[in-house]
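Worksheet for the structure shown next.
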């Protein structure tokens, strides 16, 4: 996040006369930009916006409620993300913050952004792919891009990933499962 | 008539008013069942037959723990809203401070891990049941219960696939693996009947276990057929005697040991936090 952008937005709120957007929208956008600095502790290249887990931002006077949805029920990263959201907003002077988790509708990898999928691949994790909604051999290797790969286990280093190995470059890799 | 338990009575030492209506009791049953199976599976952590399967069973354990937290949080909210207890009930108190007789989990999930085959079979028999049950519960008029079920179903689908593949692999494997799976069936089958025997709170909640049973019977038979494993006889002289009682807090000797380990820290250092 560019610091100058943030301040631009903040000053917009303080000077409603200069706004092109309704003040509340500007405020919400400023919060959204701060949240862009919050990343998944397990996959640090992904922001929580990339993951698609920000459901809503509610603003009531100086009270901010960030509504998120968990990826997997037992994902230990969720508590961490919750805390990091509060910390990020606190650093920018927003003290009255509540993070609420809602389950319905259930999170799906369809909500992951295209940009997020690109960043995943660059990081060395194969992105969710509808053709492999049930994991099987053939997920494209994020290292050498071969499709000659094999599924080792449907369960990987975290709940959201499956374990693969490339038959060509021999590198093992993670696949972010469709969910 | 359902006789409500007196949870947390160990804290106050005095008599406390009944805590639960049938809804709270049912949610606690779901919470306890997922917690205890999670705890059992977690015993495999670092001991799996190969690294990938060690990771798989502990991943399932984590999913189940997440599900149980959702159920406990919801149960705590219902109990707090009902104003039947002084002081706040939390998910942690429900998991760490209730006694053995207050746990309503299925007997099946508290059974020992045994060998890998027995753990796999326990997981399959339960996951297949949970999948069919949660398919129903996601339609529930209780919105929070429906949300938890819909969310969990995505994970359960994986558990069913993974465990059923292992049942087939071991059942239709070597002579040794086949005979061990037969042994596992002998050990665990008597605890399958309870899943479909409704407790008072399930009847009050309107859970139709009979329709689930028919689908479960069919699906389990298909997997067992493929695994070359026999289904124990359902009726007649050779029928297996089915154990029950877990849903009402009457457990096998296994649960006490699990709870001793699970609750040790909180009982020894009350209110300690990570």
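Once segment B:30-52 is narrowed to residues that are modelled with pLDDT under 95 and assigned to a helix (DSSP H, G or I), the residue that is surrounded by the fewest Cβ atoms within 10 Å (Cβ to Cβ) is B:51.
Could you look through segment A:56-81, keep only residues that are surrounded by fewer than 18 Cβ atoms within 10 Å (Cβ to Cβ) and within 11 Å of chain B (Cβ to nearest Cβ), and pick out the one that is modelled with the lowest pLDDT?
Here the residue is A:76.
Checking the stated criteria, residue A:118 turns out not to satisfy the condition of being over 27 Å from residue B:73 (Cβ atoms), outside the structural domain of residue A:156 (by TED's automatic domain parsing), surrounded by fewer than 18 Cβ atoms within 10 Å (Cβ to Cβ) and within 14 Å of the chain's Cα centre (by Cα).
Is it the case that residue B:146 is in a helix (DSSP H, G or I), more than 23 Å from residue B:158 (Cα to Cα), at pLDDT 95 or above and in contact with a helix residue (DSSP H, G or I) (Cβ under 9 Å, 6 or more places away or on another chain)?
Working: in a helix (DSSP H, G or I): yes; more than 23 Å from residue B:158 (Cα to Cα): no; at pLDDT 95 or above: yes; in contact with a helix residue (DSSP H, G or I) (Cβ under 9 Å, 6 or more places away or on another chain): yes.
For residue B:146, the condition - in a helix (DSSP H, G or I), more than 23 Å from residue B:158 (Cα to Cα), at pLDDT 95 or above and in contact with a helix residue (DSSP H, G or I) (Cβ under 9 Å, 6 or more places away or on another chain) - is not met.
When segment A:137-154 is examined, which residues are found to be more than 14 Å from chain B (Cβ to nearest Cβ) and in a strand (DSSP E or B)? The one that is more than 14 Å from chain B (Cβ to nearest Cβ) and in a strand (DSSP E or B): A:149. Of all the criteria given as (1) assigned to a loop (DSSP other than H, G, I, E, B); (2) in contact (Cβ under 8 Å) with a residue 12 or more places away in the chain, the one not satisfied by residue A:134 is (2). Among the candidates B:72, B:124, B:131, which residue alone is under 21 Å from residue A:71 (Cβ atoms) and more than 14 Å from chain A (Cβ to nearest Cβ)? Step by step, each of B:72, B:124, B:131 is checked, and only B:131 is under 21 Å from residue A:71 (Cβ atoms) and more than 14 Å from chain A (Cβ to nearest Cβ). For the structure I just gave you, tell me whether residue A:157 is within 14 Å of chain B (Cβ to nearest Cβ) and assigned to a loop (DSSP other than H, G, I, E, B). In short, yes. Considering only residues in segment B:212-237 that are without any contact (Cβ under 8 Å) to a residue 24 or more places away in the chain and not in a loop (DSSP other than H, G, I, E, B), the one that is surrounded by the fewest Cβ atoms within 10 Å (Cβ to Cβ) turns out to be B:218. Taking (1) in contact (Cβ under 8 Å) with a residue 60 or more places away in the chain; (2) part of a loop (DSSP other than H, G, I, E, B); (3) at negative phi in turn, residue B:88 satisfies each apart from (1).
If you filter segment A:82-112 down to residues that are within 19 Å of residue A:178 (Cβ to Cβ) and loosely packed, with under 14 Cβ neighbours inside 10 Å, you find that the one that is nearest to the other protein chains (Cβ to nearest Cβ) is A:105.
One residue stands out among those in segment B:145-176 that are more than 14 Å from every other protein chain (Cβ to nearest Cβ) and buried (at least 17 other Cβ atoms within 10 Å of the Cβ): the one that is nearest to the chain's Cα centre (by Cα), which is B:167. Under the condition of being more than 16 Å from the chain's Cα centre (by Cα) and either in a helix (DSSP H, G or I) or more than 18 Å from residue B:38 (Cα to Cα) (or both), the residues counted in segment B:111-134 number 2.
Does residue B:118 satisfy the criteria of being out of contact with any strand residue (DSSP E or B) (no Cβ under 9 Å at 6 or more places or on another chain), within 13 Å of chain A (Cβ to nearest Cβ) and in contact (Cβ under 8 Å) with a residue 12 or more places away in the chain? Answer is no for this residue. Would you check if residue A:128 is in a loop (DSSP other than H, G, I, E, B), within 14 Å of another protein chain (Cβ to nearest Cβ), buried (at least 17 other Cβ atoms within 10 Å of the Cβ) and within 20 Å of the chain's Cα centre (by Cα)? For residue A:128, the condition - in a loop (DSSP other than H, G, I, E, B), within 14 Å of another protein chain (Cβ to nearest Cβ), buried (at least 17 other Cβ atoms within 10 Å of the Cβ) and within 20 Å of the chain's Cα centre (by Cα) - is met.
The values are calculated or read from the model by the stated rules, or taken from the named source; none is laboratory data. Keep in mind it's a predicted model, so treat the numbers as computed, not measured. Here the Cβ is made from the backbone with ideal geometry for all residues, glycine too, and neighbour counts use every protein chain on show.
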